[in-house]
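A short write-up of the structure that comes next.
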Number of protein chains: 2
Amino acid sequence: MKIVTSKETLNNAIQVVQRAVSIRNPLPILAGIKFETLEDRVFLTATDLDIGIRCSFPAEILEQGTVVLPAKYISELVRRLPEAPVFIEADPATGSAKVQYGQSETRINGYPPEEFPEFPIPAGINTFALPGDLLKEVVRQVVFAAGNDENRPVFMGVLLEINGGELQVVATDTYRLAWRKVKLENCEELDINLIIPGKTLNELARIISSYDQKIEITVAKNQILFVADNVWLISRLIDGQFPKYKQVIPKNYDLRVRLKTKELLDAAERASLLAREGSPVIKLQVNQDMLVVSAASEAGRVHEELSVFQEGEPLQVAFNARYLGDVLKIIGTDEIMFEFTGPLSPGIIKPVGDIEYLSLLLPVRLREE
Amino acid sequence: MKIVTSKETLNNAIQVVQRAVSIRNPLPILAGIKFETLEDRVFLTATDLDIGIRCSFPAEILEQGTVVLPAKYISELVRRLPEAPVFIEADPATGSAKVQYGQSETRINGYPPEEFPEFPIPAGINTFALPGDLLKEVVRQVVFAAGNDENRPVFMGVLLEINGGELQVVATDTYRLAWRKVKLENCEELDINLIIPGKTLNELARIISSYDQKIEITVAKNQILFVADNVWLISRLIDGQFPKYKQVIPKNYDLRVRLKTKELLDAAERASLLAREGSPVIKLQVNQDMLVVSAASEAGRVHEELSVFQEGEPLQVAFNARYLGDVLKIIGTDEIMFEFTGPLSPGIIKPVGDIEYLSLLLPVRLREE
């Protein structure tokens, strides 16, 4: 392989694929990035066997070929290169590559390319496209509620359902849940039900940040492929049955308050400072159009008063402040509706606005004081 | 104590003194910030017994008094307060304080104020003033060369000498040295020779960043006080004899090269990537107006060529790339002079410009390859 490219092009492509590099893997070659040429483009690939990312860019190809270089060295080197043409020449005999720039050159030792795992682009059972900005927004609003317990893989995933021309996306770690529904255009014929690892969607959102267009999605057996322009993200799917989440979402409420998102977020953050360390439980009391947020610990106590619009009976309920903060940070509207059915029933947070979204929080049972 | 102030005023003062708060000290009260009133001002103080910082601000004083509050809680709370008047009322009976803002209030438990260590402002043997921006520049150019070995306290310090109307500032960890000389105006009568902890000067530089004026310095037995506007920084001095550094600085050179600071910095950083981990040794070879920077390890090798102006004989010498990078990052001129007297003698880096500054680097002995 012999190519000429620019520092910026190369650096951007490395930054994209590097997220899939696996540093602490028993298979050392997974710490590498595979460079390969095809016609007039260079393809970079990295994978940790759960996720694979490939990114291509046009370059001057002087000789076709392949080389696998340690991500750590090639990325740090390229980041520090001068803004000048970069010439990379692989030596198939040793698996190393020479990087030339200005009057200088670096030789980086590589891995045998034939040992790099395959990156099979699945032949699609179902292929469809979603707008990149929509996907990004949905991921941001839902994925935080996914769990991280490796023994319960289904809860580490995000349910993506498309049918009847509607997309529904849900995640839950069993303590909280986030749900979003969006009408899709020209998708009436699709019928899809997948559990995608939360990590995959986070990486997807990161990739989309620089590619503001349609994302093409291909679903195959146990795998999903996202294509955004010149970037491919492939991931395994999570096997299993997503919990029947609809039955845990209360249909009605006894009390509903409408309030300013930022006021509750700030009050919850201040209150959690003086909640017990480790489990930041804060108490909400609604009465006479007033929401009192309070917490107490050995360090002191907080009593915050917020004006709200109240519909329904007074109530007292406690939540984990961190979980409450997670929702309020991403909900994206100035005001929210907070619905309650009792001190031991889930609270439901909805944006005041047009989007179909809700987040559910299980309450914390308070000891009598 | 009862005071009314603004979130911003209070937050700024807490940020300044918080640097001296000691979190992991056997004396728990050192994790606190002392609030006390005097006439129409509030004084905040924190100390780890090595350094003390005090900051004052004007406020509406409704009742004089004192309270010591845990820095962690009061700083995090104030940072999150709304932009509104803040009312703080201490309860002398419990040592706690009530913080009120808007419709809300927080009570933070404190420490007994009488247990907070004294913060004696030394009666000056010598008092003089230096421009804040000069002090800041000098600290930045010198303090990085100080050591961090607690068993050799003198090398953790920075020598500050004033005599004959000149200020000289020096630090060395025995592997490298940085020296700066500045002519002072109206200081002919001063004769000062102090070793100030590097940490103290770093904190001083941070404080100066927001106070661009004369810094008043008072030297007492074993202590030094810096006053910048409404901030007092007091520190112990280091006892001992600073090494006779002048005799290690070569008077002449066999080879001198003039080159672009950034080119050498970038080349050194790239080369250190492929130097052996843990000890990033890079080799410099000068010949025919060319400086070759090189390094090699199991990961690969680097060969960088830089055009230089060469005066003197060809030479090969090796340095620790990190130490070289430290100097090049702070030297502040586009070009430097690099002087050598042999492969086992110190290299001297000087700015090309008007300032009297040098940094000395001990070479690394290379095994023959």
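Return the residues of region A:289-345 that are among the acidic types (D, E), over 20 Å from B:L77 (Cβ atoms) and not in a strand (DSSP E or B); say none if nothing qualifies.
First, pick out the residues of region A:289-345 that are among the acidic types (D, E): A:289, A:298, A:304-305, A:311, A:313, A:326, A:334-335, A:339.
Now drop any that are not over 20 Å from B:L77 (Cβ atoms), which leaves A:289, A:311, A:313, A:326, A:334-335, A:339.
Listed by number, the residues that qualify are A:D289, A:E313, A:D326, A:D334.
Say whether the condition of being outside any strand (DSSP E or B) and in contact with a Cys (Cβ under 9 Å, 6 or more places away or on another chain) is met by at least one residue in region B:217-240. There is at least one residue in region B:217-240 that is outside any strand (DSSP E or B) and in contact with a Cys (Cβ under 9 Å, 6 or more places away or on another chain). The lone criterion from (1) under 30 Å from A:L201 (Cβ atoms); (2) in contact with a Phe, Trp or Tyr (Cβ under 9 Å, 6 or more places away or on another chain); (3) within 14 Å of chain B (Cβ to nearest Cβ); (4) not hydrophobic (A, V, I, L, M, F, W, C) left unmet by A:N320 is number (3).
Looking at the structure I just gave you, is A:V138 touching a Gly at 6+ places or on another chain (Cβ under 7 Å) and free of Cβ contacts under 8 Å to residues at least 60 places away in the same chain?
no
For region A:251-274, a residue qualifies if it is within 17 Å of A:F340 (Cα to Cα), in contact with a Gly (Cβ under 9 Å, 6 or more places away or on another chain) and in a loop (DSSP other than H, G, I, E, B), and the qualifying residues are A:Y253, A:D254.
Assess whether B:K262 counts as being out of contact with any strand residue (DSSP E or B) (no Cβ under 7 Å at 6 or more places or on another chain), exposed (fewer than 15 other Cβ atoms within 10 Å of the Cβ) and either at pLDDT 95 or above or within 14 Å of chain A (Cβ to nearest Cβ) (or both). Please lay out each step first, then the result.
Numbers: out of contact with any strand residue (DSSP E or B) (no Cβ under 7 Å at 6 or more places or on another chain): yes; exposed (fewer than 15 other Cβ atoms within 10 Å of the Cβ): yes; either at pLDDT 95 or above or within 14 Å of chain A (Cβ to nearest Cβ) (or both): yes.
Criteria met by B:K262.
Filtering region A:198-212 for residues that are touching a residue at least 60 places away in the same chain (Cβ under 8 Å) and over 16 Å from the mean Cα position of the chain (by Cα) leaves a non-empty set. Condition first: small (G, A, S), in contact (Cβ under 8 Å) with a residue 40 or more places away in the chain, at negative phi and out of contact with any helix residue (DSSP H, G or I) (no Cβ under 6 Å at 6 or more places or on another chain). Can you find one or more residues in region B:259-269 that meet it? No, there is no match, as no residue in region B:259-269 is small (G, A, S), in contact (Cβ under 8 Å) with a residue 40 or more places away in the chain, at negative phi and out of contact with any helix residue (DSSP H, G or I) (no Cβ under 6 Å at 6 or more places or on another chain).
Those strands (runs of 3 or more DSSP E) of region A:13-128 that lie entirely within it include none in which at least 2 residues are within 11 Å of chain B (Cβ to nearest Cβ), modelled with pLDDT under 95 and on the phi > 0 side of the Ramachandran plot. Answer yes or no: is there a residue in region A:6-25 that is surrounded by fewer than 19 Cβ atoms within 10 Å (Cβ to Cβ), of a type in the set (A, V, I, L, M, F, W, C) and touching a residue at least 60 places away in the same chain (Cβ under 8 Å). Checking region A:6-25: not a single residue is surrounded by fewer than 19 Cβ atoms within 10 Å (Cβ to Cβ), of a type in the set (A, V, I, L, M, F, W, C) and touching a residue at least 60 places away in the same chain (Cβ under 8 Å).
State which residue is farthest from the other protein chains (Cβ to nearest Cβ) when the search covers only region A:238-259 and only residues that are more than 26 Å from the chain's Cα centre (by Cα) and of a type in the set (D, E, K, R).
Just the residues of region A:238-259 that are more than 26 Å from the chain's Cα centre (by Cα), to begin with: A:250-259.
Right, trim to of a type in the set (D, E, K, R) and you get A:251, A:254, A:256, A:258.
Details: A:K251: 34, A:D254: 25, A:R256: 21, A:R258: 18 Å.
Once the filter is applied, the top-ranked residue is A:K251.
The one condition from (1) more than 10 Å from chain B (Cβ to nearest Cβ); (2) surrounded by 17 or more Cβ atoms within 10 Å (Cβ to Cβ); (3) on the phi > 0 side of the Ramachandran plot that A:G300 does not meet is (1). The lone criterion from (1) over 21 Å from B:P351 (Cβ atoms); (2) among the β-branched types (V, I, T); (3) out of contact with any Lys or Arg (no Cβ under 8 Å at 6 or more places or on another chain) left unmet by B:I125 is number (3).
Counting just the residues of region B:303-317 that are under 20 Å from B:V364 (Cβ atoms) and not charged (D, E, K, R), which one comes out nearest to the other protein chains (Cβ to nearest Cβ)? Applying the filter and picking the extreme gives B:H303.
Among the conditions (1) under 22 Å from A:W179 (Cβ atoms); (2) under 32 Å from the mean Cα position of the chain (by Cα); (3) away from chain B (no Cβ under 12 Å), the only one that A:G325 does not satisfy is (3).
For A:A46, indicate whether it is in contact with a helix residue (DSSP H, G or I) (Cβ under 7 Å, 6 or more places away or on another chain) and hydrophobic (A, V, I, L, M, F, W, C). Walk me through how you get there before you give the answer.
Values: in contact with a helix residue (DSSP H, G or I) (Cβ under 7 Å, 6 or more places away or on another chain): yes; hydrophobic (A, V, I, L, M, F, W, C): yes.
Here the answer is yes, as A:A46 does meet what is asked.
Taken over region A:265-282, the criterion of being away from chain B (no Cβ under 12 Å) and under 27 Å from the mean Cα position of the chain (by Cα) is satisfied by A:G278, A:S279, A:P280, A:V281. Candidates A:K199, A:K181: the one that is in contact with a strand residue (DSSP E or B) (Cβ under 8 Å, 6 or more places away or on another chain), basic (K, R) and part of a strand (DSSP E or B) is A:K181.
The values are calculated or read from the model by the stated rules, or taken from the named source; none is laboratory data. Worth saying up front: this structure is predicted, and the values here are computed from it rather than measured. All Cβ positions, glycine included, derive from the backbone under ideal geometry; neighbour counts span all protein chains shown.
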